[in-house]
Amino acid sequence: MRIFIHSLIIILNNTKVNAKKNEPPCPCMSGLSYTTCCATYHTGSSKPETAEQLMRSRYTAYHMALVDYLVNTTHPDKLRPNYRHQLESTKDDMDWSGLEIISTSMGTKLDKIGKVRFIAQYVMNTEKGSMEEHSRFRRYKGDWVYYDEKG
Ligand SMILES: [Zn+2]
């Protein structure tokens, strides 16, 4: 009987894993499904705990053209007046197709600042391209926000 229950638990666990595998992967390429990864930040059900998580969620927001999320996770001091307009007018031209995190420094749960260097791939008018950026992040009212490009 004990063996039977054990097998049943394994079957139930496998069913759970398979169900998750069938969900679409998160565009940020974390290996998680979108619903268990960046969607939790996009819907506001949780907050990114690290600068890298915020960076990934912003990449996915670019991918999905979530303009409000991108505006809301930019530091107010660095929010350009035309940023929203720029995002809305270019969202159909760019298809963000991949993300690779090169390095991170600070930006942990305990930090107030952090940096993430990454390469984002895109397709623009059928032309493939990539951009490397070294982004700086800060806390604003306790939450991670994008600050600027370090260059
Ligand atoms: Zn994600």
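Just so it is clear, none of the values below were taken in a lab; they were calculated from the coordinates. Model, not experiment: these values are computed from the prediction. Note that each Cβ is placed from the backbone with ideal geometry, even for glycine, and that neighbours are counted across all protein chains shown.
Descriptive notes on the structure:
- Candidates G129, G107, G98, ranked by Gaussian network fluctuation over the chain, Cα under 10 Å, top entry: G129
- Between M106 and D92, the contour length at 0.36 nm per residue exceeds the Cα-Cα span by 1.7 nm.
- Each Lys and Arg Cβ is given +1 and each Asp and Glu Cβ -1; about its Cα centre, region 35-151 then shows a dipole of about 560 debye.
- The orientation-averaged projection of the convex hull spanning the C-alpha atoms of the chain amounts to 11.6 square nanometres.
- Theoretical FRET efficiency, 1/(1+(r/R0)^6), r = Cβ-Cβ of K47 and K150, R0 22 Å, to 0.05: 0.40
- From its DSSP helices (H runs of at least four residues, each -39,500 (n - 2.57)), the chain gives a residue-normalised ellipticity at 222 nm of -10500 deg cm²/dmol.
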